[in-house]
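The values are calculated or read from the model by the stated rules, or taken from the named source; none is laboratory data. All values derive from a computational prediction rather than experimental measurement. Cβ placement follows ideal geometry from the backbone for every residue including glycine, while neighbour counts extend to all protein chains displayed.
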Amino acid sequence: MSRITATLAALKAQGRKALIPFVTAGYPYADVTPELMHGMVAGGADVIELGVPFSDPSADGPVIQKAGDKALAFGIGLPQILAMVAEFRKTNSTTPVVLMGYANPVERYDQKHAAGFPQGTPGGPFVRDAAAAGVDGVLIVDYPPEECEAFAADLRAHQMDLIFLLAPTSTDARMAQVARVASGYVYYVSLKGVTGSGALDTDAVEAMLPRIRQHISVPVGVGFGIRDAATARTISRVADAVVIGSRIIQLLENQPRDQVAATAQNFLAEIRQAMDA
């Protein structure tokens, strides 16, 4: 059983929902991410999504794009992010960590580290090194489920989950494809658009989740458009997890380095309190 599955099962047994914050690795300061991760856990985070910065994102709105550009300017890539996770793991062995990003950095990592990789080992260098660092799940926006069965199996062999996005436009057939390979949880994108855009229609989310659950047996998290405690509380009544990203990044943008972790902690504590109320 993966760390994600165990965490979400324990929360369900307690009658609680998961709080999953997203932050871009290496933002707003190149070296602050492990400290920020600990701050988010102290604020009530159950799972942490770390964004892998990429030069050409397709699902990210302007807030996360700007954060990614700044992290890239700091020289942050997968090697640095795996080191951040390993640093976090020195004092936290329980909170699941998910890397969220795009295919290009993962495939480039495998190309650059292919020399000397043992033949017959499940997965490639990325899967091996992510597992060694303490990563628990991977969400790759532009990996379609029909192309991912071998990758999903390699991750599972290393106790990691492959997480997929579903959208308001997802068909029943698409949900069935995702169900065959997804593990950990699925991430329902509650809006048509990119991160941070639009106003969340909570009634539409509530109507969509029973349809998703006809096909998907793993927990369902909801994100995109959740910006405050009231909305998080409403979504937590119907979803298994609440994902918040753009609002956290906005709050961190102009913070001095020594206030970054505390800012995230205080914001998430309000969200956690509302969800548990």
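Tabulated results
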item	result
Segment 225-248: number of residues that are under 14 Å from the mean Cα position of the chain (by Cα) and either part of a helix (DSSP H, G or I) or closer than 10 Å to Val205 by Cβ (or both)	2
Conditions (1) over 24 Å from Val222 (Cα atoms); (2) assigned to a helix (DSSP H, G or I): number failed by Leu36	(1)
Residue count for segment 58-114, restricted to those that are assigned to a loop (DSSP other than H, G, I, E, B) and among the polar types (S, T, N, Q)	6
In segment 40-50, the residues that are in contact (Cβ under 8 Å) with a residue 60 or more places away in the chain, closer than 13 Å to Ile248 by Cβ and crowded, with 21+ Cβ neighbours inside 10 Å	Met40, Gly43, Ala45, Glu49
Residue selected from segment 65-89 under the condition within 16 Å of Ile140 (Cβ to Cβ) and out of contact with any strand residue (DSSP E or B) (no Cβ under 6 Å at 6 or more places or on another chain), by the criterion surrounded by the most Cβ atoms within 10 Å (Cβ to Cβ)	Ile81
Residue within segment 181-193 that is part of a loop (DSSP other than H, G, I, E, B), basic (Lys, Arg) and surrounded by fewer than 22 Cβ atoms within 10 Å (Cβ to Cβ) present	yes
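Residue by residue, here is whether (1) of a type in the set (D, E, K, R); (2) within 14 Å of Pro21 (Cβ to Cβ); (3) at pLDDT 95 or above; (4) touching a Pro at 6+ places or on another chain (Cβ under 9 Å) holds:
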| position | (1), (2), (3), (4) |
| --- | --- |
| Ile212 | no, no, yes, no |
| Val222 | no, yes, yes, no |
| Thr231 | no, no, no, no |
| Ala239 | no, no, yes, yes |
| Val242 | no, yes, yes, no |
